[in-house]
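The values are calculated or read from the model by the stated rules, or taken from the named source; none is laboratory data. No experiment lies behind these values; they were computed from the predicted model shown. As a convention, Cβ positions derive from the backbone with ideal geometry for all residues, glycine included, and neighbour counts pool all protein chains shown.
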Amino acid sequence: MSAPADDGRGQSRGQSSTLTPTLTPAPPASQTPRFWVIVAVVIAIDFATKVLAMQHLAPRHIPHPVIGDVVRFTLAFNPGAAFGMHLGPASRWIFAVLAVVIVGVLLRATADLTRVSRLAAIGVPIVVGGALGNLLDRIRLRDGVVDFIDIGVGDVRFWTFNVADTAVSIGAVCLILALWQTENTAPAPHADRG
């Protein structure tokens, strides 16, 4: 009986290697430095634009045309949530707590998606940065969140918003597209052949 031939790697052909590498799954995006860099950049831009708005657009509710009457800068403070939702005097703290809960749920719910989708890995920190930017306003300002971007035509105008709101919207679109992409690229289940 002949000995098994050597394959040149000190291992006999026909024997399986006991040193097969195991692949460790990629960490969720929230455990990477890039994630928190994106969050920090969104917060910094949001904070800087709000400081400039408070310095240069006071007093409140006086429009400053940027592109005619369509895009204006108008300083406003929102003690409630998006689209003017308001829950009375406690709105500031209710929405602050709600923002923290939403960020926590979002990070947990999208952990797997951010491992497989680059779009989600970018979209989630943009949403988190926007949410934390507005949370910072609720904590530091008694009047509420600083809004200043005013878009519309004549008296028909969208709710005044800010960079943080824009970030949340852009990040949400990224997440929707990421979900759509992963659903469309997932392998179709094989039908049983009976």
Which of the residues spanning segment 88-117 are more than 19 Å from Val168 (Cβ to Cβ) and either without any contact (Cβ under 8 Å) to a residue 24 or more places away in the chain or aromatic (Phe, Trp, Tyr) (or both)?
Gly88, Pro89, Ala90, Trp93
Could you please let me know if Asp112 is acidic (Asp, Glu) and out of contact with any Phe, Trp or Tyr (no Cβ under 9 Å at 6 or more places or on another chain)?
yes
On the given criteria, is Ile126 in contact with a Cys (Cβ under 9 Å, 6 or more places away or on another chain) and at pLDDT 95 or above?
yes
Residues in segment 106-120: is at least one crowded, with 23+ Cβ neighbours inside 10 Å, over 24 Å from Val71 (Cα atoms) and not small (Gly, Ala, Ser)?
yes
Can you name the number of the only condition in (1) surrounded by 17 or more Cβ atoms within 10 Å (Cβ to Cβ); (2) touching a residue at least 60 places away in the same chain (Cβ under 8 Å) that Gly123 fails?
(2)
Taking segment 141-161 as the search range and keeping residues that are free of Cβ contacts under 8 Å to residues at least 60 places away in the same chain and either of a type in the set (S, T, N, Q) or part of a loop (DSSP other than H, G, I, E, B) (or both), which one is nearest to Ala96 (Cα to Cα)?
Arg142
Positions within segment 31-63 being at pLDDT 95 or above and either of a type in the set (S, T, N, Q) or in contact with a Phe, Trp or Tyr (Cβ under 7 Å, 6 or more places away or on another chain) (or both), in sequence order
Thr49, Ala53, Gln55, Leu57
Tell me whether segment 86-96 contains one or more residues that are modelled with pLDDT of 90 or more, under 25 Å from Val124 (Cα atoms) and not hydrophobic (A, V, I, L, M, F, W, C).
no
Please tell me if Pro79 is surrounded by 12 or more Cβ atoms within 10 Å (Cβ to Cβ) and touching a Lys or Arg at 6+ places or on another chain (Cβ under 7 Å).
yes
Report yes if some residue within segment 67-75 is free of Cβ contacts under 8 Å to residues at least 60 places away in the same chain and either hydrophobic (A, V, I, L, M, F, W, C) or in contact with a Ser or Thr (Cβ under 6 Å, 6 or more places away or on another chain) (or both); otherwise report no.
yes
